[in-house]
Amino acid sequence: MIDRPIKHLTQIELSRRWRVSHRTLERWRWEGIGPRYLKVGCRVVYRLEDIESYEAAQVQVPRTG
């Protein structure tokens, strides 16, 4: 296995990536939805691999009639 640096995004960085409010991310955490996150002290960060995994799980296949 090749070690690669772990990249973390802050709540603000993720909100910009997805073009959603940082308050939406806070609500999702409170409701137990959204990507996994780390809480270090009072700081919340998201691992890039967890974000990418969550995004991949959200892919929808169009239904054909």
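The values are calculated or read from the model by the stated rules, or taken from the named source; none is laboratory data. Quick caveat, the model's predicted, so the values are computed rather than measured. Positions of Cβ are backbone-derived with ideal geometry, glycine not excepted, and every protein chain shown enters the neighbour counts. Only protein heavy atoms, including side chains, enter the accessible area calculation; ligands, DNA and RNA are left aside. Shrake-Rupley method; radii C 1.70, N 1.55, O 1.52, S 1.80 Å.
Gaussian network model of the chain, Cα springs within a sub-10 Å range: biggest mean-square fluctuation belongs to which of Ile12, Ile33, Ile51?
Top of the fluctuation ranking is Ile33.
Can you give the calculated 222 nm mean residue ellipticity of the chain, where each DSSP H run of n ≥ 4 adds -39,500 (n - 2.57) and the sum is split over every residue, rounded to the nearest 500 deg cm²/dmol?
Only helices count here, giving -12500 deg cm²/dmol.
Return the carbon/sulfur percentage of the accessible area of the chain, one whole number, probe 1.4 Å, all protein chains in place.
53 percent
Over the chain, what is the relative contact order in percent, taking alpha-carbon pairs closer than 8 angstrom and at least six residues apart?
Over the chain, the number comes to 33 percent.
Along Cα→Cβ, 7 Å out, is where each label goes; now give me the distance between the ones at Thr24 and Arg63 in nm to one decimal.
Those two pseudo-labels are separated by 2.4 nm.
Just going by the charge dipole of the chain, with Lys and Arg at +1 and Asp and Glu at -1 on Cβ, which of Ile6, Ile51, His22 is farthest out on the positive end?
Value: His22.
Taking the solvent-accessible surface of protein heavy atoms with a 1.4 Å probe, what is the per residue accessible area of the chain in Å²?
Solvent-accessible surface per residue comes out at 86 Å².
When only alpha-carbon atoms are used, what values of Rg and Dmax, in angstrom, describe the chain?
In Å, with Rg to one decimal and Dmax whole: 13.8, 50.
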